[in-house]
2 protein chains.
Amino acid sequence: KKKRQVPVAELSHDIRDGSRLALARGITLLESRAPEDRAAAQELLLGLLPESGNSIRIGITGVPGAGKSTFIESFGLMLAEAGHKVAVLAIDPSSTVTGGSILGDKTRMEELARHPNAFIRPSPSSGTLGGVHRKTRETMLLCEAAGYDVILIETVGVGQSETAVRGMADFFLLLVLTGAGDELQGVKKGIMELADGIIVHKADGDNVLAAKRTAREYKQFLRMLQPATPGWQTSVLPVSSVIPEGLEDVWETIRQFRRQLEASGGWETRRNGQLKEWFRAAIEDRLIERFFAEDGQKERVGDLEEEILRGKLTVTAALDRLFGD
Amino acid sequence: KKKRQVPVAELSHDIRDGSRLALARGITLLESRAPEDRAAAQELLLGLLPESGNSIRIGITGVPGAGKSTFIESFGLMLAEAGHKVAVLAIDPSSTVTGGSILGDKTRMEELARHPNAFIRPSPSSGTLGGVHRKTRETMLLCEAAGYDVILIETVGVGQSETAVRGMADFFLLLVLTGAGDELQGVKKGIMELADGIIVHKADGDNVLAAKRTAREYKQFLRMLQPATPGWQTSVLPVSSVIPEGLEDVWETIRQFRRQLEASGGWETRRNGQLKEWFRAAIEDRLIERFFAEDGQKERVGDLEEEILRGKLTVTAALDRLFGD
């Protein structure tokens, strides 16, 4: 029985035309592991490549409990209402281990999901770490070709998600909370150096003054760090997503960031850096895939593994033998 | 001028003999990038391999602000006082990006560092991600050969540190704090599935009752998750490192875990799994290293990168060309 041909030209036309259904089908094609879909997916992507790139790609991470989903819903709705087309994607490396979310994301972003200007795509739930990243990057390109001019990429779970999202975002937002003050509340070491903007979230009710104070503390602390983007002083903004309050400031900050980087040439540098990093990661994935596909390779690796387990070889010595060094 | 020969036999003897100076020199040798040190390091390691493995390897992670260093200091001191030899290592993948800690670790664990039964080694501060892991693993083996029977491996920074440490630990400890109760305070999605034990830390003063309540909440929640180690119900313990209180319970739990796993055969399975994972990661690193060392490879990759940047090729198509698929 012959496989049904994917109608790439038609799909490409409909994606350009703004069909969300076609976009969803295109993404499913990119995510497919079937060999016959692979060529079709690349043909689709190559054809749409000239249409891609015209968005601002905003990476979003946050300390646990910071209200990332609430922020994305409110921020996305504001932009969608203003006529922007907003796509929400997620990077979830932990799903390669656990097979999906444990806390149930089904009720998230309901209002945004129903908005005609919004498109929400959950993270690919299978594949290698590199595979997950590739799919999210290619999905981003398809969304851009479909006219989405704001891409929100959310980090999920443990592992490399922050650095992975930083690697594909133009602007990287970190959501934090107010707190006792003497330690930066719940911020993992190294994350602040990745952020172009910090939001002190839940700045509402009794929390408004504390949020402003926390914002000042972050600003002071940031003076001691190198900025994530050369020439850009990481901004710190108190925001409430429920009032809402401060969301326009966030958007204005991101626009200002873009203008400034475009003027200085930093925008192109960053976009090119993203592509180079992607290519590099893809080469690594392919190398590994090809190596283990070689004839007898798995058996050779298995035999050496056996010797390692029996304490006869160090891992490094086994490597030298495997590669004939 | 000829390079000084590393006296491997002497070093090996002194490490077995328990010399901390020799151990430190051995680790420096493992971390060296000089080609002439590479063979010496492997010779040293292979000779000490039969002496390695006789420790309990405890991975330790925590929500930010959970007091990981304070716990390691108190827990380590208790064990050192009881006659155990305790080594503290760290995995810090973020150091490959930022070049080191920003918050200054110089005053950490001072008392433990001075104890004759303790050995503290900061994380290797350079090298690839894979390189950092390899060095920490090999360092662990040297410490074991030197008679250290408790290895504490600490996660530091953003990135893969939790999964990396889980991958080399027998028992994985997660430190959390008490909190508002309706959300699990500050615990990133996916971390709880990695833990064999959870410590509700800072269970002292006004916080004792809250810590006990939090421990009960975690226990309830854990019933809904698959345990990190088959057959072991993840334990939850309130602990104060300053009183101190509960540290003996932690140690007894870990001993019980070991007994139970040794009886069921799970211990050997886990250790073998660690070695297999390590070998696999090392193969991947070597593949990448070798590929880019090939004649003209960097230029070929550079040319394709150029076409990608000019929008003439998708990353996937460039890959196909590079690998001749």
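Please give the helices (runs of 4 or more DSSP H) falling wholly within segment B:1-92 in which 2 or more residues are over 30 Å from B:VAL187 (Cα atoms) and not small (Gly, Ala, Ser). Let's see the steps before the verdict.
Working: elements: B:8-16, B:20-31, B:35-48, B:68-81.
Output list reads B:8-16, B:20-31, B:35-48.
Look at A:ALA281 and say whether it is of a type in the set (A, V, I, L, M) and either touching a His at 6+ places or on another chain (Cβ under 7 Å) or crowded, with 18+ Cβ neighbours inside 10 Å (or both). Break it down into steps so the answer makes sense when it comes.
Working: of a type in the set (A, V, I, L, M): yes; either touching a His at 6+ places or on another chain (Cβ under 7 Å) or crowded, with 18+ Cβ neighbours inside 10 Å (or both): yes.
Yes, satisfied.
Name every residue in segment B:61-83 that is closer than 21 Å to B:GLN160 by Cβ and of a type in the set (Val, Ile, Thr), in order of residue number.
B:THR61, B:VAL63, B:ILE72
Which of the residues that make up segment B:202-233 are under 22 Å from the mean Cα position of the chain (by Cα) and within 14 Å of chain A (Cβ to nearest Cβ)?
B:PRO227, B:ALA228
Can you find a residue that is in contact with a Phe, Trp or Tyr (Cβ under 7 Å, 6 or more places away or on another chain), closer than 30 Å to B:ARG270 by Cβ and of a type in the set (A, V, I, L, M, F, W, C) anywhere in segment A:310-321?
yes
Which residues, taken from segment A:87-125, are at positive phi and either out of contact with any helix residue (DSSP H, G or I) (no Cβ under 9 Å at 6 or more places or on another chain) or at pLDDT below 55 (or both)?
Within segment A:87-125, the first condition is being at positive phi, and the residues that meet it are A:99-100, A:104, A:109.
If the condition is that a residue be at positive phi and either out of contact with any helix residue (DSSP H, G or I) (no Cβ under 9 Å at 6 or more places or on another chain) or at pLDDT below 55 (or both), then A:GLY99, A:GLY100, A:GLY104 are the ones that fit.
Within the group B:VAL208, B:VAL315, B:VAL250, which residue is without any contact (Cβ under 8 Å) to a residue 40 or more places away in the chain, out of contact with any Cys (no Cβ under 8 Å at 6 or more places or on another chain) and surrounded by 18 or more Cβ atoms within 10 Å (Cβ to Cβ)?
Numbers: B:VAL208 fails: surrounded by 18 or more Cβ atoms within 10 Å (Cβ to Cβ); B:VAL250 fails: without any contact (Cβ under 8 Å) to a residue 40 or more places away in the chain.
After applying the criteria, what remains is B:VAL315.
Okay, residues lined up against (1) under 22 Å from the mean Cα position of the chain (by Cα); (2) within 9 Å of chain B (Cβ to nearest Cβ):
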{"residue": "A:VAL242", "(1), (2)": "no, no"}
{"residue": "A:GLU245", "(1), (2)": "no, no"}
{"residue": "A:TRP251", "(1), (2)": "yes, no"}
{"residue": "A:LEU261", "(1), (2)": "yes, no"}
{"residue": "A:ASN272", "(1), (2)": "yes, yes"}
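Could you list all residues from segment B:33-58 that are within 13 Å of chain A (Cβ to nearest Cβ) and small (Gly, Ala, Ser)?
Initial filter on segment B:33-58 (within 13 Å of chain A (Cβ to nearest Cβ)): B:35, B:37-54.
Residues satisfying the conditions are B:ALA39, B:ALA40, B:ALA41, B:GLY47, B:SER52, B:GLY53.
Inspect segment B:292-307 for any residue being crowded, with 17+ Cβ neighbours inside 10 Å, at the interface with another protein chain (Cβ under 8 Å from one of its Cβ atoms) and either on the phi > 0 side of the Ramachandran plot or not acidic (Asp, Glu) (or both) and give the result as yes or no. Steps first, answer last, please.
Pass one, segment B:292-307, residues crowded, with 17+ Cβ neighbours inside 10 Å: B:301, B:304-305.
Next cut, at the interface with another protein chain (Cβ under 8 Å from one of its Cβ atoms) only: B:301, B:304-305.
Subsequent filtering for residues that are either on the phi > 0 side of the Ramachandran plot or not acidic (Asp, Glu) (or both) retains B:301, B:304.
Yes, segment B:292-307 contains a residue that is crowded, with 17+ Cβ neighbours inside 10 Å, at the interface with another protein chain (Cβ under 8 Å from one of its Cβ atoms) and either on the phi > 0 side of the Ramachandran plot or not acidic (Asp, Glu) (or both).
Residue-wise test of (1) in a helix (DSSP H, G or I); (2) out of contact with any Phe, Trp or Tyr (no Cβ under 8 Å at 6 or more places or on another chain); (3) farther than 28 Å from B:ALA211 by Cα.
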| site | (1), (2), (3) |
| --- | --- |
| B:GLU248 | yes, yes, no |
| B:GLU252 | yes, yes, no |
| B:PHE257 | yes, no, no |
| B:LEU261 | yes, no, yes |
| B:TRP267 | yes, yes, yes |
| B:GLY273 | yes, yes, yes |
| B:ALA282 | yes, yes, yes |
| B:GLU299 | yes, yes, yes |
| B:GLY302 | yes, yes, yes |
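Please work out if A:LEU237 is under 23 Å from the mean Cα position of the chain (by Cα) and not polar (S, T, N, Q).
On the way: under 23 Å from the mean Cα position of the chain (by Cα): yes; not polar (S, T, N, Q): yes.
Against the criterion (under 23 Å from the mean Cα position of the chain (by Cα) and not polar (S, T, N, Q)), A:LEU237 qualifies.
Which of the residues spanning segment B:308-321 are more than 7 Å from chain A (Cβ to nearest Cβ) and either in a loop (DSSP other than H, G, I, E, B) or not charged (D, E, K, R) (or both)?
So in segment B:308-321, the residues more than 7 Å from chain A (Cβ to nearest Cβ) come out as B:310, B:312-313, B:320-321.
Within segment B:308-321, B:ARG310, B:LYS312, B:LEU313 meet the criteria.
Would you confirm whether or not segment A:264-274 contains a residue that is closer than 30 Å to A:SER235 by Cα and of a type in the set (Ser, Thr, Tyr)?
So far as segment A:264-274 goes, yes, one or more of its residues are closer than 30 Å to A:SER235 by Cα and of a type in the set (Ser, Thr, Tyr).
The values are calculated or read from the model by the stated rules, or taken from the named source; none is laboratory data. All of these numbers come straight from a predicted model, not from anything done at the bench. Note that we place each Cβ from the backbone using ideal geometry, even for glycine, and neighbour counts take in every protein chain shown.
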